[in-house]
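One structure below.
Read-outs: derived from the displayed coordinates by stated rules, not from any lab. No experiment lies behind these values; they were computed from the predicted model shown. Neighbour counts are summed over all protein chains in view; Cβ atoms, including those assigned to glycine, are modelled from backbone coordinates with ideal geometry.
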Amino acid sequence: MPELNRILYVEDDDDIRQVSQLALEDVGGYEVMLCESGQQALDSVASFNPDLILLDVMMPDMDGIETFHRLQDQGALDGVPVILMTAKVHPEEMARYREMGVVDVIPKPFDPMTVSEEIARIWERYHD
Amino acid sequence: MNSLRNRVIAIVTLTSLLTVLAITITAYQSLGEDQRKLIVQKEKLKTERLTEKVSQNIRQRVMVLSVARPLLTRNGQLLEPEALESVIREQDYLNRAFPGGILVFDAQDTAIAENTYVSGRIGTNYADRDHFKRLHSTGDPVISEPIMGRTTEVPLLSFLVPIHHEGRMIGSIGGIIKLGDESILPPRAGRDDSPDSTLSLILDRQHRLFIESPDSKPGNELQPLPPAGEDSLVDAILEKGSQTRVIDYQGEQYLLATDSVDRLNWVFARAAPYDQAMAPLIASLNHFLFISAGVTLLLLVIAWLAARSLTRPLTRATRTINAMAEAPESSKALPEKGPREIRELSIAFNRLSHERHQLDELKNDFISSVSHELRTPLTSIEGSLKMMVAGVSGELPDKALSMARIALRNSEQLNGLIRDLLDFNKLLAGKREFRIESCSVDESVHNAIEGNQSMARMYQVHLVPNAPTGLYVNADPQALRQVLDNLISNAIKHSPKGGEVKVDARKEAPEKACITVRDQGNGVPDWFRNRIFERFAQADGGTTRATSGTGLGLAISQELIQGMDGDIGFYNEQGAHFWITLPLSSLIGSQ
């Protein structure tokens with residue numbers, strides 16, 4: 001199983017982005033690239049070459065779902081699992097996310113002290 | 001009467017009944033009158049026909065006598081008496097026409113021959129009799145009034161036909177009808193359709209005598225008519241210019257028809273009992289009533305059907321509206337067809353339903369976007385606090401740490417409130433789907449206890465599970481976990497430090513499992529018992545150790561448990577004991 005190091009994190013809310021950065025870098029020890037919009041993620045995914053992508057769903061202009069599809073179209077998702085982070089976790093929405101090919105969903109609000117462990121677990125399951 | 005259907009039935013029925021009644025009355029009056037006239041006319045015609053027969057009868061007898069005349073003369077002279085008698089005896093038709101006897105008189109009206117012997121009759125002169133006088137004065141055949149026979153001494157009618165030779169009367173032939181012995185009414189006259197009740201009589205108007213009467217026959221004497229005013233029937237018959245009419249006779253009503261007999265001053269009368277005469281009328285009216293009743297019955301059926309077809313859409317609408325009230329998601333549109341009022345009601349209802357649906361969606365959208373907007377800042381608040389408290393940003397001074405903990409606890413509570421609100425909204429909207437499967441009670445209880453251990457440690461409470469293995473219930477695992485979490489966290493919050501929360505499970509006869517969560521707290525206060533499952537109900541508000549909840553937990557738990565065909569309740573027994581029951585799974589024993 002390859003090691004999980006580089007995480008691309010897409011989140012429009014500045015505060016959450018900062019908290020998440022702390023959680024992922026200081027608590028989780030990952031190398032994190034922060035993007036504040038879907039467009040930025042599309043632009044920088046190739047140069048950063050992440051192992052895993054965390055994607056917020058509710059974003060202005062381009063939401064997480066569209067970003068996901070466009071990343072897919074760019075071929076940036078080959079072997080790169082995507083985890084959605086959202087407060088919208090209705091059963092029917094969850095089913096739709098999984099159909100799209102999303103690996104898992106972490107519901108908001110998440111616990112910054114445990115979110116890294118959860119990501120690690122999902123990574124392990126993905127490579128099982 | 002209070003249902004629309006009954007009212008429609010009542011209106012239609014009443015209207016049709018009145019119509020039928022009006023028609024029946026009209027028919028009774030006009031048809032009845034017409035038919036009555038017809039019956040009267042019929043009686044009159046029948047009477048005239050019978051009168052005609054009587055007249056004919058009399059003419060025939062005169063004819064019979066006339067025909068016999070040539071046999072009685074030779075060379076302008078009457079035959080010798082012996083020869084005359086043999087002739088009149090031999091002529092059968094004479095005897096048949098006049099069973100009372102045939103006589104031959106000479107020109108001086110003295111009887112000279114007879115066909116039946118009556119002592120002293122031959123040689124008797126009758127010139128003083130009125131009808132002989134009339135015979136001489138007119139020279140035509142005459143019929144006497146009812147008279148008493150001079151020698152026979154019985155009431156009789158005498159027919160006289162003159163025998164002429166070269167303009168001179170040489171004698172006459174007479175025929176006698178004894179009124180006591182025979183009737184001049186045609187056989188069965190007046191008895192053709194009414195055997196017993198119709199009265200037939202003949203009166204001699206001029207001499208006020210009965211010729212034929214219903215109740216007494218002239219025997220050996222003439223029967224005079226009673227004086228005026230004594231017999232209403234006779235009075236009515238003798239009334240001049242009288243029409244066919246209804247009279248009272250001996251306490252009964254009769255339909256009386258009269259006619260005059262030719263050549264005689266006689267009246268032929270028929271009196272039929274009114275009821276009997278009118279029987280066909282009654283019968284046809286009965287028939288008519290019968291048909292009316294049938295039509296009314298038919299109208300009732302039609303009214304019922306019409307009312308039903310009118311009210312059925314309303315009943316259907318009521319059902320749909322009730323269904324909408326119970327389960328808004330499953331509401332169907334009403335068919336927009338049928339009578340205008342029903343159609344308009346359907347359209348109005350559909351509009352309301354549509355608006356309600358839109359409002360529902362608006363509300364759901366609102367709640368979900370508000371919750372997102374609330375959660376976004378809370379995510380960073382809570383995340384930051386958690387990391388601060390955990391020391392990610394370095395060791396915090398004690399006071400700062402305790403303040404951070406307070407902030408964290410409250411932000412967690414805010415998050416819990418948002419989660420519960422969303423849950424409850426979903427439950428109330430009926431959007432929560434239950435995925436019922438067979439759940440191991442033992443496993444569910446242990447998982448729930450495991451999940452609440454950190455909280456229990458924080459509150460310094462021991463969690464003690466006591467669930468037997470092999471007990472399975474039909475439940476949605478997530479919902480069951482949510483309920484157990486809620487009950488356990490409530491119990492932890494209400495336990496004293498160092499207390500125990502016991503979670504027991506057992507099979508409860510016959511098809512239920514019961515899980516009980518007991519704490520060692522103060523129990524549920526009496527005043528709060530009835531409200532405990534209400535929304536936002538909390539025994540003591542504020543932020544004390546015991547009550548840092550949202551007040552929605554038990555309300556949600558109740559909805560969840562009831563959604564899984566279970567029940568929830570509590571009792572106090574050295575602490576609060578909350579129990580839930582769920583149906584046992586059929587997989588029991590096979591697992």
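At-a-glance table
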| item | result |
| --- | --- |
| Chain A, relative contact order in percent, only Cα pairs under 8 angstrom and at least six apart counted | 26 percent |
| Nearest 10 degrees, 0 to 90: helix B:398-428 Cα axis against chain B principal axis | 20 degrees |
| Under 5 Å, built H, 5+ apart or other chain: amide partners of B:H164 | B:I170 |
| Exposure proxy ranking, count of Cβ atoms within 10 Å, fewest first, for B:D365, B:D259, A:D78 | A:D78, B:D365, B:D259 |
| Phi-based couplings in Hz for region B:558-572 (Karplus 6.51, -1.76, 1.60; Gly and Pro marked x) | 4, 4, 5, 5, 5, x, 10, 6, x, 9, 9, x, 7, 8, 9 |
| Total formal charge among the other residues, if their Cβ is under 13 angstrom from that of A:V27, Lys/Arg +1 and Asp/Glu -1 | -4 |
| Degrees, to the nearest 10: B:279-326 long Cα axis against longest axis of chain B | 10 degrees |
| Sparse-neighbour loop sites [chymotrypsin sites (Phe, Trp or Tyr not before Pro); region B:44-119; at most 10 other C-beta within 10 Å; DSSP] | B:Y117 |
| Surrounding net charge for A:V10, when Lys and Arg each add one and Asp and Glu each subtract one, Cβ distance under 10 Å | -3 |
| Farthest toward positive dipole pole in region A:6-126 [+1 Lys/Arg, -1 Asp/Glu at C-beta], among A:M58, A:V89, A:L22 | A:V89 |
| Three-way shape label, chain A, alpha-carbon gyration tensor, a/c 1.5 | rounded |
| On Cα atoms only, tilt of B:81-90 relative to the major axis of chain B in degrees | 20 degrees |
| Sequence-separation-based contact order of chain B, relative, with Cα cut under 8 Å and 6+ spacing, percent | 9 percent |
| DSSP bridge orientation in the protein assembly as shown - percent antiparallel, rounded to nearest 5 | 75 percent |
| Virtual spin-label span in nm between B:A333 and B:R316, 7 Å along Cα→Cβ | 1.5 nm |
| B:S585 long-range amide H proximity, modeled H, under 5 Å | B:Y472, B:V473, B:N474 |
| Reference-scaled alpha-carbon Rg (2.2 N^0.38 Å with N residues) for region B:75-178 | 0.98 |
| For the protein assembly as shown, Kirkwood radius (reciprocal of mean inverse C-alpha pair distance, Å) | 38.6 Å |
| Per-residue ³J(HN,Hα) for region B:469-483, Karplus 6.51 cos²θ - 1.76 cosθ + 1.60, θ = phi - 60°, Hz, x for Gly and Pro | 6, x, 9, 10, 10, 8, 7, 7, x, 5, 5, 4, 4, 4, 5 |
| Length-normalised contact order for region B:14-170 - Cα pairs under 8 Å, 6+ apart - percent | 16 percent |
